[in-house]
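Bear in mind these aren't lab numbers, they're just calculated from the coordinates by the rules spelled out. Quick caveat, the model's predicted, so the values are computed rather than measured. Counting neighbours? That spans all protein chains shown, and the Cβs are built from the backbone with ideal geometry, glycine included.
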Amino acid sequence: MRIVFLNTTGQIGGAERSLLDFMASLRQAQPAWPLSLVNGNSGPFVEACDGIGVPVCVERLPEELARLGDAGAGGPAGRELSKAVLLGRLALASAAALRYTRNLRRTLEELKPDLIHTNGFKMHVLGAWAKPTGVPLVWHIHDYVSSRVVMAKLLRMFAGRCTAAIANSASVAEDLQSVLNLRMPLHEVWNGVDLNEFSPDGPELDLDALSGLAPAGRGVVRVGLVGTLAKWKGHDVFLRALSMLPAKLPVRGYIVGGPLYQTDASQWRLADLKQQAAQLGLAGRVGFTGFVRRSAEAMRSLDVVVHASTKPEPFGLVIIEAMACRRALIASRGGGANEIIRDGVNALAHTPGHAEDLAGLIVRLAHDPKLREKLGEAGRQTAERHFDRARLGLELAPIYQSIMSARPAEAA
């Protein structure tokens, strides 16, 4: 079965890391199946695909399409953009979208896929528009559709051209069904992680040096938020929580990551977060590393990993990555995260957006190394039992096979 994956960005965010894991696992489960990727830009994600043996064709996404996004128009990033401004940008991008879909269709016709698997809202729409007649299309949904004012309407418009959908959690699947009233098959497949890469043992990073800080003293507990700078990931909440800690508590905070995406109004700038930290009096108490290529190395450098999303988390890849690295975890309640964490067993849970609640849990873990060890051990066991990426190909292949086996009956 010849499968072509479609993705927009060349950077590696959660959706891209998930797709890497799916492709790597599928290659192991079905080594005879040719896999290839059409990507909207070059970058680390393309290099990572080369590393797992998946050939890549870069079909560059026009700037006006790459920058277009509705997360900041009432979606998870808040209301930084008005709907009127967003609709104006959408109108301006329509000509570029038409040109891009023509080019994408030509590329797909040359690749001759048996099945197309799209990753990300933009590519769900563009892929549905561009796919050759008769080729099944699978949408891989990583986020809540109900929070995306424009994308929800576009997905409804193109749902008839999609054959099946995969959701990364039961929470996302329920949301998708409620918004689109799907008639197609909808499959729930949790994300996975490479348990060899995200392991308790391995290289670590010097977070202080990367942040331009003097080395932390002996006994300092390192607490960090790792991930993209999407506004709903709670970096501002984390900073406020750090400012509430007792001055003599031996804790240093870290924000690990940088802005990845080209969409407007959906992510923090590092300068904004540094300014917030300065206003909160956190000079010397929090470090900003910028983008790091291997997040596992950053997690192994921490004593506590914080997940602080202010909106319900569709899945929470950083949660299972921290668990796999056997690190004590504080996670925000809600959404797909509730399917992973067991409060007090493999993580401590806090109320989304509640800095005082988060600060109290940081204090608790800073004072209790045995609890940190207990949570880390239970988290690693959770990752090994449920989130080994080796299972992804074993779950994905039967979905593809069921789609292909249904085609003759549909044609009849």
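For the reader, a short list of remarks on this structure follows.
- Whole-Hz ³J(HN,Hα) from phi, Karplus 6.51 cos²θ - 1.76 cosθ + 1.60, for region 267-279, glycine and proline x: 9, 6, 8, 4, 4, 5, 5, 5, 5, 4, 4, 5, 5
- Cα long-axis angle, helix 121-130 against the chain (0 to 90 degrees, to the nearest 10): 10
- Förster-model FRET efficiency, 51 Å R0, E110 and R364, C-beta, rounded to 0.05: 0.35
- Cα-Cα separations in region 207-386 greater than 21 Å, expressed as whole percent: 43
- Amide H contacts of A347: R342, each under 5 Å away and 5 or more positions distant or on a separate chain (H built 1.01 Å from N in the peptide plane; Pro and chain starts excluded).
- Structure note, pairs K274/K374; K131/K311; K131/K231; K231/K274; K131/K153; K122/K233: Cα-Cα distances above 25 angstrom occur for K274/K374; K131/K311; K131/K231.
- When the trypsin sites (Lys or Arg not before Pro) in region 1-62 are filtered for DSSP coil states and for at most 14 other beta-carbon atoms within 10 Å of their beta-carbon, the remaining sites are R2, R60.
- Rounded to the nearest Hz, the phi-derived 3J(HN,Hα) couplings of region 365-376 under the Karplus curve 6.51 cos²θ - 1.76 cosθ + 1.60 (θ = phi - 60°) are 6, 4, 8, 10, x, 5, 5, 4, 5, 4, 5, x, where x marks glycine and proline.
- Once the gyration tensor of the Cα atoms in region 278-345 is diagonalised, the equivalent ellipsoid follows with semi-axes of 22, 16, 12 Å, ordered largest first.
- Span from the region 273-314 Cα centroid across to the region 328-384 one, whole angstrom: 16
- Cβ-Cβ distance of S146 and A247, R₀ of 60 Å, FRET efficiency by 1/(1 + (r/R0)^6): the value works out to about 0.90.
- Restricting attention to the chain, close to 5% of DSSP beta bridges with both partner residues there are antiparallel.
- Only Cα pairs under 8 Å and 6+ residues apart enter the sum, and on that basis the relative contact order of the chain stands at 17 percent.
- Extending 7 Å from the Cα toward the beta-carbon at both E174 and A96 defines two label points whose distance is 3.7 nm.
- T8 long-range amide H proximity, modeled H, under 5 Å: G40
- Selection of trypsin sites (Lys or Arg not before Pro), region 195-274, meeting DSSP coil and at most 11 other Cβ within 10 Å: R218, K248, R269
- Shape call, region 120-163: gyration tensor on alpha carbons, a/c limit 1.5: prolate
- Segment M1..E188, full-extension length gain: 65.1 nm, with 0.36 nm per residue of separation and the alpha-carbon distance subtracted.
- Ordering of 322-334, 147-159 by burial proxy (mean other Cβ atoms within 10 Å per residue, highest first): 322-334, 147-159
- For G335, the residues 5 or more places off, or on other chains, whose built amide H falls under 5 Å of its own are E313.
- One quarter of the surface of the convex hull around the alpha-carbon atoms of the chain equals 19.0 nm², the direction-averaged projected area.
- At an R0 of 60 angstrom, the distance between the Cβ atoms of E204 and S405 translates into a FRET efficiency of 0.80.
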